[in-house]
Amino acid sequence: MPSPFLTPGSSTKANELALLHLRRDQTIPTILRTYDDENLGYDEGKVTNTRFGSFPHSTIIDHPWGSQIAASKVDTGSRGRRAAPPKRKAEELDASGTTTGGDEEMPSLKTPVAAASGFLHVLYPTPESWTMSLPHRTQVVYTPDYSYILHRLRARPGNTVIEAGAGSGSFTHAAVRAVFNGYPEEGPATKRRRLGKVCSFEFHEQRVGKVQDEINQHGLDGLVEVTHRDVYEHGFLLGDPQTGKSPKANAIFLDLPAPWLALKHLVRKPPSGAESPLDPSSPVYLCSFSPCLEQAERTIRIMRQLSWLSISMVEVSHRRLDVKRERVGLDTEGVRGATLHPKSVEEAVAKLRSDEERAKLGRSGLLQSGDASASKKDSSAQMSTTPSYALGRLTHRSEPDLKTHTSYLVFAVLPRDWTEEDEQRCRQKWPSNR
Ligand code: SAM
């Protein structure tokens, strides 16, 4: 099944994730279903209830992404009376972590509700929108951090990323999009088309189960491999911790409480004699994400001992700026120093234009204008050439309650090993380098 995160196609499909966008700050992720055990006797599929009305999935499936969907005209009260829902089990929870018909502010289906006349927009999921709407099981990495991290990790199509821990899968979705280079079923990986992959490790059993379910539901099987593992103890091989397969990673992201404990496994030649999890043919880029400076310092100390180079630390201080054009400088009389509403500005501009017309007539001698002063005429001429959207002064303010510190990001690079064989190959290829 293609993933709606990677290749959404043009329209919604049954059994795929869709985002039900209610308003700017409210989106419900849901798997679109053509059936719903709870609404026996109705042929409308699963129903998502929101404060803007009820949305049977039969009215959402097979619509172009971005479509506006009107709320059902069916009285949800009578729907509820005819087929009262049984008590939900935990495993029946929706992708959003809410129950079918999820918006918790809505009364349950048992409560009669008049049919609403609201609407929503159905959107395909992206890692950014998933991060904003996913069910949080842990702290997550947000878009400003992961976009910078993936850039510094040189994550690109065909790369393999190791991630620990998986947590709520926020970083996982962004990473898999960055390295996506086609689906496994499109043919085996070759030298020219290396499949991109995320190898995700997590030691909390329930979180592993949840992330794995989401990976399946989101069509990311084969692109994300989730392993239940304590990486401090058992490292990063796939399958058996000692004899398993190397993921051959080019990039590593550690979001762990004690990342320095995992570093001993991220070496070219592990002392245990096990295979290295790193790609032998390329440098490896690493990022460690720690909320406090002491953790970052401890990680850096171990990195130095293990030959990591170009170690640097960054704090992403993301601020959202509220940019506004203040209509200072005009009032309806064209007097500087007043603040205007947009409508008043339009009126002021119209007036200034007519003043200028009158001034022109005055200059041609057709109109004796005694009231307009010379300076006013000058400013009128200037204002009349300025479009209304560019009038006034541009100001900005940062959102006061925005959390700016998330974590310290420690970056480092481990160069590839240069062997005698590499040297020989190089000499054969470029003999003049001798
Ligand atoms: N990056 C994740 C995201 O964006 O959703 C959030 C990761 S969360 C902050 C840290 C995770 O690391 C937790 O889920 C925790 O269970 C896991 N963890 C902690 N120690 C671990 C270990 N030794 N091995 C594997 N996972 C571990």
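Remarks
- Label point of S281 set 7 angstrom out along Cα-Cβ; within region 139-181, amide nitrogens under 14 Å from it belong to 158-160.
- Extension gain (nm, one decimal) between N15 and Y35, 0.36 nm per residue minus Cα-Cα: 6.2 nm
- Cβ-based charge dipole, region 136-293, positive-most Cα from C199, P280, S170: P280
- In this Cβ point-charge picture (+1 for Lys and Arg, -1 for Asp and Glu), region 200-301 has a dipole of about 440 debye about its Cα centre.
- As a calculated quantity, the FRET efficiency between H121 and R393 at R0 = 60 Å, using C-beta atoms, amounts to about 0.95.
- D (Stokes-Einstein, µm²/s), Kirkwood Cα radius, region 258-323, 1.567 mPa s at 4 °C: 93 µm²/s
- By the Stokes-Einstein formula, at 1.002 mPa s and 20 °C, region 153-292 with its Kirkwood radius over alpha-carbon pairs has D equal to 142 µm²/s.
- Gain in span if fully extended, S432 to D62, counting 0.36 nm per residue against the direct Cα distance: 127.0 nm
- On the basis of the beta-carbon distance and an R0 of 45 Å, Q26 and K264 show a calculated FRET efficiency of 0.50.
- Protection proxy ranking for 259-271, 217-229, using the average of other Cβ atoms within 10 Å per residue and placing the highest first: 217-229, 259-271.
- Residues whose amide H falls under 5 Å from that of G66, counting only those 5 or more places apart or on a different chain, are V122, L123, Y124, with hydrogens built in the peptide plane.
- Of K46/K73; K197/K248; K245/K429; K197/K429; K197/K264, those spanning more than 21 Å from alpha-carbon to alpha-carbon: K245/K429; K197/K429; K197/K264
- Rough spin-label spacing in nm, given labels placed 7 Å along Cα→Cβ, for R156 and E421: 2.5 nm
Coordinate-derived values only; no laboratory data. Bear in mind the structure is a predicted one, so any value in this text is a computation, not a measurement. With ideal geometry, Cβ positions are generated from the backbone for all residues, glycine too; neighbour counts draw on all protein chains shown.
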